[in-house]
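Novice: Take this structure first; my questions come after.
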Amino acid sequence: MAFKIRKDDQIMVVTGKEKGKTGKVLRVNPEKATVFVEKLNMVKRHQKPSAKYKHGGIIEKEAPIAISNVMILCEKCKGPVRVGKKILDNDNKVRFCKKCGEVLDK
């Protein structure tokens with residue numbers, strides 16, 4: 001299933017404990033329909049010592065958020081918006097804001 005949210009998009013969480021917070025998408029998991037957002041939905045995990053974590057211990061990391069709980073932020077509208085797709089004259093598919101019509105893909 002193709003989602004309209006991609007890596008590096010600015011998003012806002014619209015439901016849940018992080019409601020109203022914004023951030024940048026770090027990773028999208030299409031199999032589970034979740035996104036990882038920078039500095040949001042932080043959880044603590046006990047980590048055994050490894051090559052990446054020399055001493056181990058308790059680390060904080062981002063947990064996934066359901067993709068249905070986030071919306072893309074439009075720079076022109078200054079808020080969360082629905083996203084549509086359209087084909088430009090040169091056969092490029094782009095995402096656009098359904099409120100103001102601004103193209104979201106750069």
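Taken together, the values in this text are just the output of simple stated rules run on the coordinates, not laboratory data. Remember, it's a predicted structure, so these values are computed and weren't measured experimentally. No Cβ is skipped: glycine too gets one built from the backbone with ideal geometry, and neighbour counts run over all protein chains shown.
Novice: Could you give the nm distance between label points at VAL103 and ALA66, where each point is 7 Å from its Cα heading toward the beta carbon?
Specialist: Each label point lies 7 Å from its Cα, and together they span 3.4 nm.
Novice: List the cysteines in the chain whose Cβ has no other cysteine Cβ under 4.7 Å from it.
Specialist: For the chain, the answer is CYS100, because their Cβ atoms have no other cysteine Cβ under 4.7 Å.
Novice: OK, next. Build a GNM of the chain with springs between Cα atoms under 10 Å: which of GLY56, GLY23, GLY84 gets the top mean-square fluctuation?
Specialist: Taking springs between Cα atoms under 10 Å, the residue moving most is GLY56.
Novice: For the cross-link pairs LYS17/LYS54; LYS32/LYS98; LYS7/LYS85; LYS39/LYS85, which exceed 22 Å when the distance is taken from alpha carbon to alpha carbon?
Specialist: Those over the limit are LYS17/LYS54; LYS32/LYS98; LYS39/LYS85.
Novice: Separate question: Quick one: net charge around LYS99, please, counting Lys, Arg +1 and Asp, Glu -1 for every other residue with C-beta under 9 Å from its C-beta.
Specialist: Once positives and negatives cancel, what remains is +2.
Novice: Would you mind checking the pairs LYS44/LYS78; LYS78/LYS106; LYS19/LYS52 and listing those with alpha carbons more than 21 angstrom apart?
Specialist: Pairs exceeding the cut-off: LYS44/LYS78; LYS19/LYS52.
Novice: I would also like to ask the following. Local charge sum around LYS61 (other residues, Cβ-Cβ under 9 Å, Lys/Arg +1, Asp/Glu -1)?
Specialist: Residues close to LYS61 contribute a combined charge of 0.
Novice: Computed on alpha carbon atoms, what radius of gyration and Dmax characterise the chain, expressed in Å?
Specialist: Just the Cα atoms of the chain yield Rg and Dmax of 16.6, 56 Å.
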